[in-house]
Amino acid sequence: MMTFKRYIPLLALLFLFASVKSQSHNKGDIMLGANMGAPHLFKGIVKLAVKSQGFQENFSGIIEISDISGLNPLAVKGEYGFGEVFGLGLNYSTWNLSFDVKDYYNVQNQNGTIVKDSFDIYKIKVTSTSYGLRPVLHIPMKTFKHDIYFACGLGITKNALSISFSSTDVGRIAKKFNKDLEVDLSLPGGIYFAPSVGYRVYFHPYFGMNIELGYEKGAIIQGGFLFRFNHYKEVRDKWKSGQ
């Protein structure tokens, strides 16, 4: 009997979800939106590594990392409402990271005399892209203007590395040498997993904004805009009447 009592609050919550007439999320709702996330975790890791004491002690004056930039995690999300509580969608998300590596060295002539200081420049770009399904659970609310939900992106991640080369040493930028140092290859991928809790507010029955807390390719917080449609006329009529 004691064991059953532990589940009474959970059963009451499930009964509430099943009995409340939801207007924040309805069967037939079609949502499409785009979110930008922050921080860019992997860009931050590179910056911390470059500023670390170990890097400075070992590579100062030899290798220089500059122009660290990149696209913050960007996600495009679609969802279809199968009921007042459950929705299922598709998720595409990506980020990239770019930086230059300058390798300093001395150029010598045939007699071994140092002619000048030169450096090679390696432009490195890493791109990570994920694709997946996104089940969504909505908390029923008696308004079409506000929507609170739990979601989780599940799928695969693909990573890629691109390197281009240039140099201040004319002798090192011969066509063959340059071609050998320019690469474009795939990196090991992995599982895409992006849990979040979100809030949507609609300024118009068909347009709104949202914010999400969770994990999306290194981002802790996301925000953006979304569009909502429904192919059921009775649902659209309720939106228009403000019910």
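Bear in mind these aren't lab numbers, they're just calculated from the coordinates by the rules spelled out. Please read these numbers as outputs of a predicted model, since none were measured by experiment. Cβ placement follows ideal geometry from the backbone for every residue including glycine, while neighbour counts extend to all protein chains displayed.
Odds and ends about this structure:
- Per-residue HN-Hα couplings for the stretch 122-133 [Karplus 6.51, -1.76, 1.60; θ = phi - 60°; Hz; x = Gly/Pro]: 10, 8, 10, 9, 10, 10, 10, 10, 10, 10, x, 8
- Spacing of the two label points (7 Å from each Cα toward its C-beta) at Ile63 and Ala38, in nm: 3.1
- Remark: for residue pairs Lys27/Lys158; Lys77/Lys125; Lys77/Lys102; Lys217/Lys238; Lys77/Lys123; Lys27/Lys217, the C-alpha separation exceeds 28 Å in Lys27/Lys158; Lys77/Lys102; Lys217/Lys238; Lys77/Lys123; Lys27/Lys217.
- Fewest-first ordering of Asp147, Asp67, Asp120 by other beta carbons within 10 Å of each residue's beta carbon gives Asp67, Asp120, Asp147.
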